[in-house]
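The values are calculated or read from the model by the stated rules, or taken from the named source; none is laboratory data. Bear in mind the structure is a predicted one, so any value in this text is a computation, not a measurement. Here the Cβ is made from the backbone with ideal geometry for all residues, glycine too, and neighbour counts use every protein chain on show.
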Amino acid sequence: MLELYHAEPVANSMKSILCLKEKGLAFVSHYVDLLRFEQHRPEFVQLNPNGQVPVLVHDGAVITESTVINEYLEDVFPDVPLRPGNPVERAQMRIWSKFVDEYFCPALSMWGWHLMVRKVAQSLSKNELEQILGRIPLKEQRDKWATIAGESFTPAQLEDSKRKLGVSIDRLEKILASSHWIAGEGYSLADVNSYSMVAGVPRMFPEIMNPAKTPLACRWLDEMNARPAVKAALAMPNRVPEVLRTFGG
Ligand SMILES: N[C@@H](CCC(=O)N[C@@H](CS)C(=O)NCC(=O)O)C(=O)O
């Protein structure tokens, strides 16, 4: 049995939801309400010591890290292949996915936390905040929550993250000038892993990604949005109030 612990179909949760949908795999969905801090509950931290979604449980085996989850799904359920057959393209798929995880996603995430999560943090009383901070397993995440509940990131940090988003979209545009999909002519996990991040950029910063400046990235996003698996993933419940939504699919 496949079970996925996930939040809304955005960001890292979306990566694994989309992979499951592309492969046509049925799964038991366990919604984790991040705005109610369910990711910090002891029973969830038992599954993922980082206290983060998504988490895949397959016949009792626990797999964390969205990119690793997607490679695992590809290993175990290869019928709908999402990894290029050619070793060079497979390497490109992994290089790009690493770039998304280490550079693109953190830059987008900083803005998501600043614009959205901050509103939640600031609605908490001092007491509530202290209790929540006390349950967060990772110091880095605790510091992040404390930062946005206070002064938030500095203007220089936010500006630098915006610059990184520009670098990410420019890099995507260049790649798409020589291949239809990100890791070659075939649709792959490189595309699956990028959807929710790329989709967030024109929504937040239309000056970075628009049809005049980055036509190929926009063409890629239009084709992604037309995929039945993307539509099915986006149809998963989204309990975040409209006013708080900033990035993702
Ligand atoms: N590297 C991890 C990152 C996971 C992650 O950042 N998850 C976010 C949602 S996109 C989360 O659970 N945030 C809640 C929190 O940090 O409290 C992955 O790719 O799975």
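For the range 211-235, name all the residues that are of a type outside the set (Gly, Ala, Ser) and either over 15 Å from SER168 (Cβ atoms) or exposed (fewer than 14 other Cβ atoms within 10 Å of the Cβ) (or both).
Hits for the range 211-235 are PRO211, PRO215, ARG219, ASP222, GLU223, MET224, ASN225, ARG227, PRO228, VAL230, LYS231, LEU234.
For the range 1-53, what are the residues that are among the acidic types (Asp, Glu), over 17 Å from PRO137 (Cβ atoms) and part of a helix (DSSP H, G or I)?
GLU22
List pairs: first in the range 128-152 and over 16 Å from GLY112 (Cα atoms), second near the ligand (Cβ under 10 Å from one of its atoms) and outside any helix (DSSP H, G or I), Cβ under 6 Å, 6+ apart or cross-chain?
Sorted first by the residue in the range 128-152, then by its partner, the pairs are ILE132/PHE37; PRO137/GLY51; LEU138/ASN50; ARG142/ILE136.
What number of residues within the range 83-99 satisfy the criterion of being surrounded by 14 or more Cβ atoms within 10 Å (Cβ to Cβ) and assigned to a helix (DSSP H, G or I)?
Qualifying residue count, the range 83-99: 8.
Do we have any residue at all in the range 179-186 that's in a helix (DSSP H, G or I) and either out of contact with any helix residue (DSSP H, G or I) (no Cβ under 6 Å at 6 or more places or on another chain) or surrounded by fewer than 18 Cβ atoms within 10 Å (Cβ to Cβ) (or both)?
no
ASP75: of a type in the set (Asp, Glu) and within 13 Å of the ligand (Cβ to nearest atom), yes or no?
Taking the combined requirement at face value, the residue does not satisfy it.
Tell me which residues, restricted to the range 65-77, are surrounded by 16 or more Cβ atoms within 10 Å (Cβ to Cβ) and closer than 26 Å to LYS144 by Cα.
Matches in the range 65-77: GLU65, SER66, THR67, ILE69.
Of all the residues that make up the range 130-173, how many are assigned to a helix (DSSP H, G or I), hydrophobic (A, V, I, L, M, F, W, C) and within 13 Å of the ligand (Cβ to nearest atom)?
Total meeting the criteria: 6.
Is it fair to say GLN39 is among the polar types (S, T, N, Q), touching a Gly at 6+ places or on another chain (Cβ under 6 Å) and within 15 Å of the ligand (Cβ to nearest atom)?
yes
Is it the case that the range 10-26 has a residue that's free of Cβ contacts under 8 Å to residues at least 40 places away in the same chain and either more than 12 Å from the ligand (Cβ to nearest atom) or on the phi < 0 side of the Ramachandran plot (or both)?
Looking for residues that are free of Cβ contacts under 8 Å to residues at least 40 places away in the same chain and either more than 12 Å from the ligand (Cβ to nearest atom) or on the phi < 0 side of the Ramachandran plot (or both), one finds at least one in the range 10-26, hence yes.
Give the number of residues within the range 55-66 that are near the ligand (Cβ under 6 Å from one of its atoms) and in contact (Cβ under 8 Å) with a residue 24 or more places away in the chain.
Adding up the residues that qualify gives 1.
Determine which single condition GLU102 fails, assuming it passes every other condition in (1) out of contact with any helix residue (DSSP H, G or I) (no Cβ under 9 Å at 6 or more places or on another chain); (2) part of a strand (DSSP E or B); (3) near the ligand (Cβ under 10 Å from one of its atoms).
(2)
Please state which one of VAL80, VAL62 is surrounded by fewer than 17 Cβ atoms within 10 Å (Cβ to Cβ), aliphatic (A, V, I, L, M), modelled with pLDDT of 95 or more and assigned to a loop (DSSP other than H, G, I, E, B).
The unique qualifying residue is VAL80.
Out of curiosity, is MET236 within 27 Å of GLU65 (Cα to Cα), in contact with a strand residue (DSSP E or B) (Cβ under 9 Å, 6 or more places away or on another chain) and of a type in the set (A, V, I, L, M)?
Yes; evaluated as a whole, the condition is true for this residue.
Considering only residues that are of a type in the set (A, V, I, L, M) and under 21 Å from the mean Cα position of the chain (by Cα), look in the range 137-175 and name the one that is surrounded by the most Cβ atoms within 10 Å (Cβ to Cβ).
LEU172
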